[in-house]
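> Below you will find the structure I want to go over with you.
Here, each number is a calculation from the coordinates, and none is a lab measurement. Just so it is clear, the model here is predicted, and its values are computed rather than measured. Neighbour counts are summed over all protein chains in view; Cβ atoms, including those assigned to glycine, are modelled from backbone coordinates with ideal geometry.
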Amino acid sequence: MHVGSLDLTPRALAKIGVIMLLAIWGMRGAGAADAFMLLHGVDLCIHEIGHPLFGLFGNQTLMVLGGTLAQLAMPIAFCVYFLRNNAYYSATVVLFWVAQNCFDVAVYMADARALQMPLVSIGGDGDEVIHDWNYLFAQWGVLEHDLTIAAVVIGIGWVLLAVMVVVGVYFAVARPQTPTPVAAHLGADSPA
């Protein structure tokens, strides 16, 4: 059924359901890091691959930051891919992954002084493993602000989650606009 410019077909309603389930999962996960265990394993692999990848640039700080950069870049790359291919609903679904990564990174940041998290490293033993955010925040002279910085990153995650819901619902029910005959002819065939 179409109401005005809204698509209220079962498919559109199912898309809204997916967005709502992701929103609930995201709200639960923002307060409980273990809620994202399914995605956390994937994120952790991407994070760990980011260290040697960015380590190729020969800079210690960039190598340490590279884990988080890779972890955030992967879902952002998928968002960009979907946006470039006009798959706006899909981009909003993947935006959930970006928000989830913000929550995940914030947990790591908040542990920078406490150093309570078990750490993982590719090929290193326990003595060689460093806490990324302890190292980075100490390098940047902001270690005592770890909890504040983590709270800002959580806030960014919440904003992304809210955008995912609003924009995702919109693109779930918005009917695609067909170009007008004039707009269809604007392009390479139009006189300059």
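> If every alpha-carbon in region 42-179 counts as one equal scatterer, what log10 I(q)/I(0) does Debye give at q = 0.11, 0.21 1/Å?
-0.47, -1.25
> On to the next question. Can you give the Rg to Rh ratio of region 82-162, both from alpha-carbon atoms, with Rh computed by the Kirkwood formula? Show your work: numbers first, answer last.
On the way: Rg = 15.8 Å, Rh = 14.3 Å.
Checking Rg against Rh, the ratio lands at 1.11.
> Follow-up question, since we're still on this one. Rank these for me by crowding, 48, 144, 128, going from fewest to most other beta carbons within 10 Å. Show your work: numbers first, answer last.
Numbers: 48 18, 144 11, 128 8.
Starting with the residue having the fewest Cβ neighbours, the order is 128, 144, 48.
> In terms of the Cα gyration tensor, with a ≥ b ≥ c the square roots of its eigenvalues, is region 47-116 rounded because a/c is under 1.5, prolate because a/b exceeds b/c, or oblate?
Working: a/c = 4.33, a/b = 1.54, b/c = 2.80.
Because a/c hits 1.5 or more and a/b fails to exceed b/c, region 47-116 counts as oblate.
> Right, next: Applying the Karplus parametrisation 6.51 cos²θ - 1.76 cosθ + 1.60 with θ = phi - 60° to the phi angles of region 90-107, what ³J(HN,Hα) value in whole Hz is obtained for each residue in order, glycine and proline being reported as x?
For region 90-107, the Karplus curve yields 4, 4, 6, 5, 5, 4, 4, 5, 5, 4, 4, 5, 4, 4, 5, 5, 4, 4 Hz.
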